[in-house]
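The values are calculated or read from the model by the stated rules, or taken from the named source; none is laboratory data. Treat the numbers as computed from the prediction; the structure is a model and nothing was measured. We place every Cβ from the backbone using ideal geometry, glycine too, and count neighbours over all the protein chains shown.
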Amino acid sequence: MILFLGANVLFSAVRNPEGRAAAIIELAGHGLCSLVSSPHAVEEARRNLDLKHPELAPRLAPLLSMLRICRESSPEGVAWAEAEGLPLKDAPILAAAVEARADLLVTGDRAHFGRLYGRKVRGLEVVPTATALARLLKALA
């Protein structure tokens, strides 16, 4: 299973090493799934860490070594994602996840992605962090 991690999941994994986002990354380290993200998501996570928790920013680099960074989406892909109702700042995330052929887009951004939770769009399912973790743990059972 391939999980695309949004910026807030990366941020949360750094900020709370005992939380759900960090647990997903740990399970990936044990080979339970593959992780991918985009330069757009990584930069947003980095900006937010620098702004809100600059003392934690150095923790991002080791985390990023656990995932593959895909290329940014095409302009057509971003336009499609905007047409799905996402703001311009979030459309590149959905588009990149689709183009990376991820199975799940994991995001805690309920305000912008919440209406897509549980839906499949172009073969990609958008889920909150808790749902992604539950699926990984179920696969262990």
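Would you point out which residue out of L51, L67, L86, L60 is farther than 20 Å from A28 by Cβ and either surrounded by 16 or more Cβ atoms within 10 Å (Cβ to Cβ) or among the β-branched types (V, I, T) (or both)? Only one candidate passes the filter, namely L86.
Does L10 satisfy the condition of being free of Cβ contacts under 8 Å to residues at least 12 places away in the same chain and either out of contact with any Ser or Thr (no Cβ under 6 Å at 6 or more places or on another chain) or part of a strand (DSSP E or B) (or both)? No; evaluated as a whole, the condition is false for this residue. Scanning region 89-98 for residues that are in contact (Cβ under 8 Å) with a residue 24 or more places away in the chain and crowded, with 22+ Cβ neighbours inside 10 Å turns up P92, I93, L94, A96, A97. When the test is whether a residue is part of a helix (DSSP H, G or I), aliphatic (A, V, I, L, M), surrounded by 12 or more Cβ atoms within 10 Å (Cβ to Cβ) and free of Cβ contacts under 8 Å to residues at least 12 places away in the same chain, A22 passes it.
Considering (1) closer than 19 Å to R101 by Cα; (2) in a helix (DSSP H, G or I), the lone condition that L63 does not fulfil carries the number (1).
Evaluate the following for E99: is it modelled with pLDDT of 95 or more, more than 16 Å from the chain's Cα centre (by Cα) and of a type in the set (D, E)? So E99 fails the test.
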